[in-house]
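The values are calculated or read from the model by the stated rules, or taken from the named source; none is laboratory data. Only a predicted model underlies this, so the values are computations on that prediction, with no experimental measurement involved. Cβ sites come from the backbone with ideal geometry, for glycine too, and all protein chains shown count toward neighbours. The protein model used for the area step is the full one, side chains on, heavy atoms only, and it has no ligands, DNA or RNA in it. Shrake-Rupley method; radii C 1.70, N 1.55, O 1.52, S 1.80 Å.
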Amino acid sequence: GTQALPPLFSLGYHQCRWNYEDEQDVKAVDAGFDEHDIPYDVIWLDIEHTDGKKYFTWDKKKFQNPRKMQEHLRKKKRKLVVIVDPHIKIDPTYTLYSQAKDKGYFVKDRNGQDFEGICWPGSSCYLDFTNPEVRKWYADQFAFKTYKGSTNILFVWNDMNEPSVFKGAELTMQKDAVHYNNWEHREVHNLYGFYQQMATAEGLIRRSSGKERPFVLTRSFFAGSQKYGAVWTGDNTAEWGYLKISIPMLLTISMAGISFCGADVGGFIGDPEPELLVRWYQAGAYQPFFRGHSNMESKRREPWLFGEKNTQIIREAIRERYVLLPYLYTLFYRAHTAAEPVMRPLWIEFPGKIETFGVENEYMLGNALLVHPVMEQGAKAVSVLLPGSEEIWYDFRKFKRMEDPGTLKIPVTLENIPVFQRGGTVIPLKITAGKSTEWMIDTSYELHVALNTEACAVGELYLDDGHSFQYLHKKQFLYRKFTFHKNILSSSRTDKSGQYHTTCVVERVIVLGFGQQPTFVTACSKDWKEKEVVFTYNMKTSALTLENLALSVDADWEICIN
């Protein structure tokens, strides 16, 4: 199967830590983002939010009113993710444990007794997710009436599901533990986490009566996990080497069909120096799953704790991510419908160029953007391969055309990382970033049209309500195509069955690599007469900017440049 279409909020920035202490801490961190004008969508709670590491519960002292806390986040148009691990504390007073024990839902040891292992709560039993009956029962635990204190802005993180067994052989379940239908653990080990995520996603769908898309992050995954949510690379360390290795890791996962993947920004273990943290935010902003996370022993590292200059650079990186979301969401629709990876090695786009085959320090985001994170401490320049002798590449931020393709030495400052737009592509963006994805629903669009050697370009925009399954069941989506050909930019429908309507407009268009200053520009559509367009032309960069367009996103129109 293909990548599930994620809810739009989950493509925003996620703020996580082991652990945000209590309701006051959650409120303070949430307020910190607003105070420092940094967008974010989701705050996360690790194992300390529970009552004694019993999942589906809340610490009665620290989280006395979880519903009220979620209502506070909901008003800010943000979400909450909580951790739900597969090990179940052995405690007869814990309903989940006693129910599962009575029903025989735990993995057994080779003597037919419930397998016992040590994990966060101490002595624990492990639910047998390979059993469909267990999965159905587990999915039911997410119902609002069962999972007390949960609301429809609460989503889930499945961790420790390799499964992790402290003091176990190889820190996991012994190979002769027995699962449903007498399969030994050695046969199904790689499916354990896969099945937990499947059951969790099913539970979130079911609690909304099949209406809402789930979001579930899992640490353990297998072929097919893309159908149930997101994955990440696990407990990394705050060192430059881990930033570097995250790129080939994510490219590998993407190639295996799991597009929604990421690595903990900043490194989970240890304390990143400010430069490393900044570089990691800049890389993560251009990767599919974008979450800052750190462990208990790490110093606090909310993005504003490293001085004004670093706060400003991190803010800019996160804002770039939010502005880019229309493009990213469109890529996820392509992953969902056509199995195209969101994050790709260069050779996917340039299979004829042998020099791309070994490259793993840069990558393509879709077919239009080439990203080269800075992964060396104190770097003053990076060596970037811009492939294809017949390609044109443009600086994504400054709009200027790069000299001939090939390997270029690009000077860098701490402010940002090299990102290039490929000639022949059109990238849809939002004009500004908002406090979270939901604040940006009505924000206008802009198009970056990068011309190739033929002075042509093509791109797409996919749009729906961002959270429900109506795109699937009721054709509530919009899929537009933008084509630039013979100095005419036109907008048309890619999929005519789409029924979704938006009041949003395309406010601005920037054409990169436009040969000379035009004399006049007009826009027309079948619904209104031709009108003249305000434009500016930059001789230095050859970028043509068309302003105040107010062209409806869901209508056909043309812009003619004369």
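Select from segment 379-395 the residues that are of a type in the set (A, V, I, L, M, F, W, C) and either more than 12 Å from residue 355 (Cβ to Cβ) or open to solvent by less than 10 Å² (accessible area, probe 1.4 Å) (or both) and list them in ascending order. Working first, answer last.
First pass over segment 379-395, keeping only residues of a type in the set (A, V, I, L, M, F, W, C): 379, 381-382, 384-386, 392-393.
Selection gives 379, 381, 382, 384, 386, 392, 393.
Every residue, every condition in (1) of a type in the set (Asp, Glu); (2) within 26 Å of residue 19 (Cβ to Cβ); (3) touching an Asp or Glu at 6+ places or on another chain (Cβ under 8 Å); (4) in contact (Cβ under 8 Å) with a residue 24 or more places away in the chain, yes or no:
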{"residue": "115", "(1), (2), (3), (4)": "no, no, yes, yes"}
{"residue": "118", "(1), (2), (3), (4)": "no, yes, no, yes"}
{"residue": "125", "(1), (2), (3), (4)": "no, yes, yes, yes"}
{"residue": "128", "(1), (2), (3), (4)": "yes, no, no, yes"}
{"residue": "134", "(1), (2), (3), (4)": "no, no, yes, yes"}
{"residue": "137", "(1), (2), (3), (4)": "no, no, no, yes"}
{"residue": "142", "(1), (2), (3), (4)": "no, yes, no, yes"}
{"residue": "149", "(1), (2), (3), (4)": "no, yes, no, yes"}
{"residue": "152", "(1), (2), (3), (4)": "no, yes, yes, yes"}
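Here is a yes/no grid of residues against (1) among the hydrophobic types (A, V, I, L, M, F, W, C); (2) open to solvent by 50 Å² or more (accessible area, probe 1.4 Å); (3) closer than 26 Å to residue 8 by Cβ:
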position	(1), (2), (3)
440	yes, no, yes
471	no, no, yes
479	no, no, yes
499	no, yes, yes
503	no, yes, yes
508	no, yes, yes
516	no, yes, no
523	yes, no, no
531	no, yes, no
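Conditions (1) within 22 Å of residue 83 (Cα to Cα); (2) free of Cβ contacts under 8 Å to residues at least 24 places away in the same chain, marked per residue:
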| site | (1), (2) |
| --- | --- |
| 180 | no, no |
| 186 | no, yes |
| 198 | yes, no |
| 215 | yes, no |
| 219 | yes, no |
| 222 | yes, no |
| 231 | yes, no |
| 235 | yes, no |
| 252 | no, yes |
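So which strands (runs of 3 or more DSSP E) stay within segment 335-435 end to end and still have 1 or more residues that are within 26 Å of the chain's Cα centre (by Cα)?
Numbers: elements: 363-365, 369-371, 381-386, 393-395, 406-411, 419-422, 425-430.
In segment 335-435, 363-365, 369-371, 381-386, 393-395, 419-422, 425-430 are the strands (runs of 3 or more DSSP E) which contain 1 or more residues that are within 26 Å of the chain's Cα centre (by Cα).
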Can you list residue pairs whose Cβ atoms sit under 9 Å apart, with the first residue in segment 99-111 being among the polar types (S, T, N, Q) and the second being in a loop (DSSP other than H, G, I, E, B) and open to solvent by less than 70 Å² (accessible area, probe 1.4 Å)? Count only pairs 6 or more apart in sequence or on different chains.
99/105
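Out of the residues in segment 28-54 that are on the phi > 0 side of the Ramachandran plot and not small (Gly, Ala, Ser), which is surrounded by the most Cβ atoms within 10 Å (Cβ to Cβ)?
Filtering segment 28-54 for residues on the phi > 0 side of the Ramachandran plot gives 37, 52-53.
With the extra rule that they be not small (Gly, Ala, Ser), the set shrinks to 37, 53.
Numbers: 37: 13, 53: 20.
Ranking the qualifying residues of segment 28-54, first place goes to 53.
Pull up segment 145-199, narrow it to residues that are basic (Lys, Arg) and assigned to a loop (DSSP other than H, G, I, E, B), then point me to the one that is most open to solvent (accessible area, probe 1.4 Å). Spell out the reasoning first.
In the first step, residues of segment 145-199 are kept if they are basic (Lys, Arg); the result is 145, 148, 167, 175, 186.
Next, only the ones that are assigned to a loop (DSSP other than H, G, I, E, B) stay: 145, 148, 167, 175.
Values: 145: 158, 148: 132, 167: 181, 175: 103 Å².
Checked segment 145-199; the qualifying residue most open to solvent (accessible area, probe 1.4 Å) is 167.
Inspect all residues belonging to segment 55-65 and state whether any of them is within 19 Å of the chain's Cα centre (by Cα) and either open to solvent by less than 10 Å² (accessible area, probe 1.4 Å) or at pLDDT 95 or above (or both).
Narrowing segment 55-65 to residues within 19 Å of the chain's Cα centre (by Cα): none.
Looking for residues that are within 19 Å of the chain's Cα centre (by Cα) and either open to solvent by less than 10 Å² (accessible area, probe 1.4 Å) or at pLDDT 95 or above (or both), one finds none in segment 55-65, hence no.
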Which listed residue is within 30 Å of residue 465 (Cβ to Cβ), open to solvent by less than 10 Å² (accessible area, probe 1.4 Å) and either part of a loop (DSSP other than H, G, I, E, B) or in the same structural domain as residue 251 (by the TED database) (or both), from 321, 315:
321
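Out of the residues in segment 513-562 that are assigned to a strand (DSSP E or B) and among the charged types (D, E, K, R), which is modelled with the lowest pLDDT?
Filtering segment 513-562 for residues assigned to a strand (DSSP E or B) gives 521-525, 528-532, 534-538, 543-547, 551-552, 557-561.
Pick out the ones that are also among the charged types (D, E, K, R) and you get 529-532, 547, 558.
Working: 529: 84, 530: 92, 531: 94, 532: 96, 547: 97, 558: 97.
Top of the filtered list is 529.
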Identify, from the list 220, 254, the residue that is open to solvent by less than 40 Å² (accessible area, probe 1.4 Å), outside any helix (DSSP H, G or I) and either under 30 Å from residue 473 (Cβ atoms) or touching a helix residue (DSSP H, G or I) at 6+ places or on another chain (Cβ under 6 Å) (or both).
220
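Can you go through 225, 298, 294 and tell me which one is touching a helix residue (DSSP H, G or I) at 6+ places or on another chain (Cβ under 8 Å), at pLDDT 95 or above and small (Gly, Ala, Ser)?
Working: 298 fails: touching a helix residue (DSSP H, G or I) at 6+ places or on another chain (Cβ under 8 Å); 294 fails: touching a helix residue (DSSP H, G or I) at 6+ places or on another chain (Cβ under 8 Å).
Result: 225 is the single residue among 225, 298, 294 that is touching a helix residue (DSSP H, G or I) at 6+ places or on another chain (Cβ under 8 Å), at pLDDT 95 or above and small (Gly, Ala, Ser).
Please find, among 445, 462, the residue that is closer than 30 Å to residue 201 by Cβ and among the aromatic types (Phe, Trp, Tyr). Break it down into steps so the answer makes sense when it comes.
On the way: 445 fails: closer than 30 Å to residue 201 by Cβ.
One residue alone meets the criteria, 462.
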